[in-house]
Amino acid sequence: QVQLVESGGGLVQAGGSLRLSCAASGRTFSNLAMGWFRQAPGKERDIVANINWIGDTTYYADSVKGRFTISRDNAKNTVSLQMNSLKPEDTAVYYCSATWRVVPGRTKAEYNYWGQGTQVTVFS
């Protein structure tokens, strides 16, 4: 079993930055591909970014490309999402997720484990 705990959400003005972190339990973290999803009220939970087990392959949704950066530290069992140039439309609950797939997917159905979520609110 893998447990994921997110931190780092909060309230920020448009144009600002936040860094989300996700701490994973267990000794299998380096075997897991990781993803960040977000869900705004009344909307689906959509992929934001993912990263493979070794950290050399990443994917970003078009809406965040060039502004967000996903990274991982297998020695510390953590994955992070650096969010810059935040916009009000980035407001959502952000979820950390993990999958056993070698190539991480882009849909929530492809992920095996989820964190509890952390709220990010961007005001203009």
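The values are calculated or read from the model by the stated rules, or taken from the named source; none is laboratory data. Every value quoted in this text rests on a predicted model; they were computed, and no experiment measured them. FYI the Cβ positions are ideal-geometry reconstructions off the backbone, even for glycines, and counts take in every protein chain you see. The accessibility values were calculated without ligands, DNA or RNA, using every heavy atom of the protein model including side chains. Shrake-Rupley method; radii C 1.70, N 1.55, O 1.52, S 1.80 Å.
Return the total of residues in segment 11-28 being open to solvent by 40 Å² or more (accessible area, probe 1.4 Å), within 15 Å of the chain's Cα centre (by Cα) and hydrophobic (A, V, I, L, M, F, W, C).
1
Based on this model, can you work out whether S63 counts as touching a helix residue (DSSP H, G or I) at 6+ places or on another chain (Cβ under 8 Å), over 20 Å from S21 (Cβ atoms) and polar (S, T, N, Q)?
yes
Might you check whether a residue that is closer than 23 Å to Q1 by Cα, modelled with pLDDT under 95 and open to solvent by 40 Å² or more (accessible area, probe 1.4 Å) occurs anywhere in segment 33-45?
No, every residue in segment 33-45 fails to be closer than 23 Å to Q1 by Cα, modelled with pLDDT under 95 and open to solvent by 40 Å² or more (accessible area, probe 1.4 Å).
What's the total number of residues in segment 6-28 that are among the hydroxyl-bearing types (S, T, Y) and modelled with pLDDT of 95 or more?
Residues that pass the stated criteria total 3.
Right, D56: open to solvent by less than 40 Å² (accessible area, probe 1.4 Å), farther than 17 Å from L4 by Cβ and not aromatic (F, W, Y) or not?
So D56 fails the test.
Let me confirm something: among R19, R38, R72, R27, which residue is within 17 Å of E110 (Cβ to Cβ) and either part of a loop (DSSP other than H, G, I, E, B) or among the charged types (D, E, K, R) (or both)?
Sole residue among the options that is within 17 Å of E110 (Cβ to Cβ) and either part of a loop (DSSP other than H, G, I, E, B) or among the charged types (D, E, K, R) (or both): R38.
Name the residue that is surrounded by the fewest Cβ atoms within 10 Å (Cβ to Cβ), counting only residues in segment 111-121 that are in contact with a Ser or Thr (Cβ under 6 Å, 6 or more places away or on another chain) and under 20 Å from G55 (Cα atoms).
Taking the candidates together, the pick is N112.
If you go through segment 89-105 one residue at a time, how many are over 16 Å from K43 (Cα atoms) and out of contact with any Cys (no Cβ under 9 Å at 6 or more places or on another chain)?
Total satisfying the criteria: 7.
So that you can scan it fast, the table gives a plain yes or no per residue for (1) open to solvent by less than 30 Å² (accessible area, probe 1.4 Å); (2) at pLDDT 95 or above; (3) among the aliphatic types (A, V, I, L, M):
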position	(1), (2), (3)
L4	yes, yes, yes
S30	no, no, no
I47	yes, yes, yes
D73	no, yes, no
L81	yes, yes, yes
K87	no, yes, no
